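Q: Take a look at this one; I'll ask things after.
The values are calculated or read from the model by the stated rules, or taken from the named source; none is laboratory data. Because the structure is a prediction, the values reported are computed rather than measured. Reconstructed Cβ throughout: ideal geometry from the backbone, glycine too, with neighbour counts over all protein chains shown.
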Amino acid sequence: MTRQLWLLLLLVAGCAKGPEADLQYIGEARSLGAEWALVNEQAAGGRLTSHYTATMRQNIREQLQTTRTSLTRPDSRYGAEIQALLEQPDNAAPAELRAHADRLKTIEDGLESA
Amino acid sequence: MNPLELTLGIMTAVGGFVDISELVFAAKAGSTFGYALIWVFAFATVGIMVFGEMSGRVAAVAKQPVFSLMRHRLGLKLGLVTLVASLVSTLITCAAEVGGMGLILHYLTGAPYLLMAVASTLVLMASMWILPFKWIERIYGLLGLLMIVFAAALVAIHPPWAKLAAGFVPQVPAGLSTKELLQFAYFAVAILSAVMFPYEAYFYSSGGIEEHWGPKDLLTNRVTTTVGFGLGSLLAIAILAGSAQLFGPANVGPEMPGTSALEAAIPFGRAGLLLALLGMLFAVAGAAVETCMANAYAIAQFFGWEWGRHKKPWEAPRFTLAWIVLFLLALLIVMTDVDVMSLVEYAVLFSIVVLPLTYLPLMLLADDKSFMGKYANKWLAKGLGWIYFAIVTAAAIAAVPLYLLTSGGQG
């Protein structure tokens with residue numbers, strides 16, 4: 001019985017494909033985009049050190065890249081949105097980054113309620 | 001009871017309370033569920049107060065470390081299972097702390113993360129070799145007090161205090177979907193685990209023996225565990241509340257440990273950022289030392305070796321070799337370039353599974369009148385102990401399914 005329950009859990013956790021499986025990556029990318037906007041906003045106000053700013057931007061970019069490569073449907077609307085985020089320069093305008101994060105949030109909410 | 005010693009002990013407990021897992025889960029919990037998980041932090045803090053006090057009392061009265069007593073109480077086989085399980089969970093926790101130090105130094109200096117992880121490990125090993133126990137504990141604990149900047153930042157951003165206070169009342173937010181309920185449950189289990197890490201009991205009780213505690217120190221033990229852990233928990237709650245106020249509305253679900261430092265940068269600028277990062281660095285360094293020593297204590301006590309940092313390193317050679325090897329193993333895990341956030345997740349997951357195995361023998365020992373005499377558990381410690389044991393057991397059973405169903409809390 002316990003063994004069957006474990007197998008079921010592993011199946012549920014591991015076998016989903018498509019937007020449902022990508023939902024966690026969409027959420028991660030939305031959060032990373034919003035974090036990037038927050039970092040750039042504070043950096044523009046001179047409130048962060050240069051090392052911290054550069055490191056956060058680099059880490060965010062690396063994680064976004066990982067998120068994009070983890071998608072089961074990279075050619076989807078959310079895949080394109082994550083790609084658009086990745087194409088932004090390091091010092092992109094916070095409003096621009098936020099707009100991408102907001103669009104990902106809309107997609108995320110839509111998939112969650114579906 | 002020396003008032004200066006007591007104050008320093010409390011301050012050390014406050015500064016040493018927060019570790020990388022609490023940092024990560026407090027920020028994530030706040031951004032995802034607002035103030036609704038504050039009560040879990042408060043509840044888990046009472047749990048670590050109960051078991052911390054118990055482990056200190058057993059050490060002071062029996063003058064024997066928990067793991068040595070555990071072996072006699074549980075027998076060799078079950079004792080060995082407990083030892084191996086706790087070694088694995090604490091080693092992963094130690095690796096998460098070492099990785100966390102590397103990351104924070106990376107934010108502070110811009111130098112490569114893995115290089116900073118190596119440098120951190122060498123500094124920690126050198127400090128453990130050179131400094132006596134009391135100073136190792138105090139230096140990292142007291143410098144960890146820089147984390148108070150998070151509490152100051154919270155006051156500066158004027159949170160809705162009434163809502164924040166309401167978060168201390170046990171609750172599950174209304175209107176959550178099944179997926180969100182599972183995520184809420186996962187966060188609750190993770191916070192319980194992060195606050196009640198098993199290594200804390202081993203380290204604390206072994207520390208009592210290092211400092212030659214006796215029955216006269218029982219009041220110090222009680223005050224340190226209640227006041228020190230209680231105030232330390234408030235720092236973690238401040239991080240959660242700051243995240244609820246600043247990150248949640250901005251759609252930020254902190255994906256990196258460094259994001260939390262923004263909570264202090266937003267109201268206080270660069271000074272706030274630096275204080276937050278330094279506070280995090282020393283708090284995490286303290287936790288790295290505690291996890292490594294807890295493991296070395298456990299091995300040495302189980303096998304009956306000479307142990308203790310009150311001895312010169314060469315006077316307890318196998319104990320010394322154990323903590324050196326354990327630090328190197330933790331570094332080796334970090335050098336595989338595994339993500340620190342994943343290490344934090346695994347540390348919390350393994351630890352909650354080990355928690356019942358850790359606290360049951362401790363409670364049986366503290367309950368035993370033939371062993372503890374008049375210092376055995378009274379009704380309050382006994383009652384709370386069994387309630388928390390039942391809860392951590394339920395959490396241990398639920399932890400892995402919740403992890404799988406929520407993709408590690410991602411939903």
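Q: Taking B:Ala398 as meeting all but one of (1) more than 21 Å from the chain's Cα centre (by Cα); (2) under 12 Å from B:Ala185 (Cα atoms), write down the number of the exception.
A: Answer for B:Ala398: the failing condition is (1).
Q: Then there is this: Kindly establish whether B:Glu306 is closer than 16 Å to B:Ile130 by Cα and among the acidic types (Asp, Glu). Steps first, please.
A: On the way: closer than 16 Å to B:Ile130 by Cα: no; among the acidic types (Asp, Glu): yes.
Criteria not met by B:Glu306.
Q: Next up: For the range A:67-78, state whether one or more residues are modelled with pLDDT under 95, more than 24 Å from B:Val338 (Cβ to Cβ) and either in contact with a Gly (Cβ under 8 Å, 6 or more places away or on another chain) or of a type in the set (A, V, I, L, M, F, W, C) (or both).
A: Looking through the range A:67-78, at least one residue is modelled with pLDDT under 95, more than 24 Å from B:Val338 (Cβ to Cβ) and either in contact with a Gly (Cβ under 8 Å, 6 or more places away or on another chain) or of a type in the set (A, V, I, L, M, F, W, C) (or both).
Q: Which condition number does A:Glu41 fail, the rest of (1) within 8 Å of another protein chain (Cβ to nearest Cβ); (2) closer than 20 Å to B:Leu246 by Cβ being met?
A: (1)
Q: Identify all residues within the range B:243-299 that are without any contact (Cβ under 8 Å) to a residue 40 or more places away in the chain and of a type in the set (D, E, K, R); write none if there are none.
A: Hit for the range B:243-299 is B:Arg270, nothing else.
Q: Same structure, new question: Look at B:Ala85 and say whether it is part of a helix (DSSP H, G or I) and modelled with pLDDT of 90 or more.
A: It is false that B:Ala85 is part of a helix (DSSP H, G or I) and modelled with pLDDT of 90 or more.
Q: Answer yes if at least one residue in the range A:64-79 is more than 13 Å from chain B (Cβ to nearest Cβ), of a type in the set (Ser, Thr, Tyr) and not in a loop (DSSP other than H, G, I, E, B), and no otherwise.
A: There is at least one residue in the range A:64-79 that is more than 13 Å from chain B (Cβ to nearest Cβ), of a type in the set (Ser, Thr, Tyr) and not in a loop (DSSP other than H, G, I, E, B).
Here's the yes/no breakdown for (1) within 24 Å of B:Ala96 (Cα to Cα); (2) under 17 Å from the mean Cα position of the chain (by Cα):
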{"position": "B:Gly16", "(1), (2)": "yes, yes"}
{"position": "B:Asp19", "(1), (2)": "yes, yes"}
{"position": "B:Tyr35", "(1), (2)": "no, no"}
{"position": "B:Val46", "(1), (2)": "no, yes"}
{"position": "B:Gly52", "(1), (2)": "yes, yes"}
{"position": "B:Ala62", "(1), (2)": "no, no"}
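Q: Picking from B:Leu146, B:Leu154, which residue would you name as being touching a Gly at 6+ places or on another chain (Cβ under 6 Å) and closer than 16 Å to B:Leu240 by Cα?
A: Just one listed residue meets the conditions, B:Leu154.
Q: Just give me the residues in the range B:234-285 being among the polar types (S, T, N, Q) and outside any loop (DSSP other than H, G, I, E, B), in sequence order.
A: Those that are among the polar types (S, T, N, Q) and outside any loop (DSSP other than H, G, I, E, B): B:Ser243, B:Gln245, B:Thr259, B:Ser260.
Q: Does any residue of the range A:92-101 turn out to be part of a loop (DSSP other than H, G, I, E, B), among the aliphatic types (A, V, I, L, M) and out of contact with any Asp or Glu (no Cβ under 8 Å at 6 or more places or on another chain)?
A: Checking the range A:92-101: at least one residue is part of a loop (DSSP other than H, G, I, E, B), among the aliphatic types (A, V, I, L, M) and out of contact with any Asp or Glu (no Cβ under 8 Å at 6 or more places or on another chain).
Q: Pairs needed: first member in the range A:75-104, in contact (Cβ under 8 Å) with a residue 12 or more places away in the chain; second member anywhere, among the aromatic types (Phe, Trp, Tyr); C-beta distance under 6 Å; at least 6 residues apart or different chains.
A: So the pair list comes out as A:Leu97/A:Trp36.
Q: Still on this structure: How do the pairs read when you match residues in the range A:58-69 that are farther than 16 Å from A:Leu97 by Cβ with residues anywhere that are aliphatic (A, V, I, L, M) and assigned to a helix (DSSP H, G or I), using Cβ under 9 Å and keeping only pairs 6 or more apart or on different chains?
A: Hits for this filter: zero, empty list.
Q: Could you tell me which of the residues B:Leu329, B:Leu364, B:Leu384 is of a type in the set (A, V, I, L, M), surrounded by fewer than 18 Cβ atoms within 10 Å (Cβ to Cβ) and modelled with pLDDT of 95 or more?
A: Sole residue among the options that is of a type in the set (A, V, I, L, M), surrounded by fewer than 18 Cβ atoms within 10 Å (Cβ to Cβ) and modelled with pLDDT of 95 or more: B:Leu329.
Q: Kindly check whether there is at least one residue in the range A:26-34 that is over 10 Å from the mean Cα position of the chain (by Cα) and either surrounded by 18 or more Cβ atoms within 10 Å (Cβ to Cβ) or in contact (Cβ under 8 Å) with a residue 40 or more places away in the chain (or both).
A: no
Q: So, one more: Please give the number of the condition B:Ala238 fails out of (1) within 14 Å of chain A (Cβ to nearest Cβ); (2) in contact with a Phe, Trp or Tyr (Cβ under 8 Å, 6 or more places away or on another chain); (3) in contact (Cβ under 8 Å) with a residue 40 or more places away in the chain.
A: (1)
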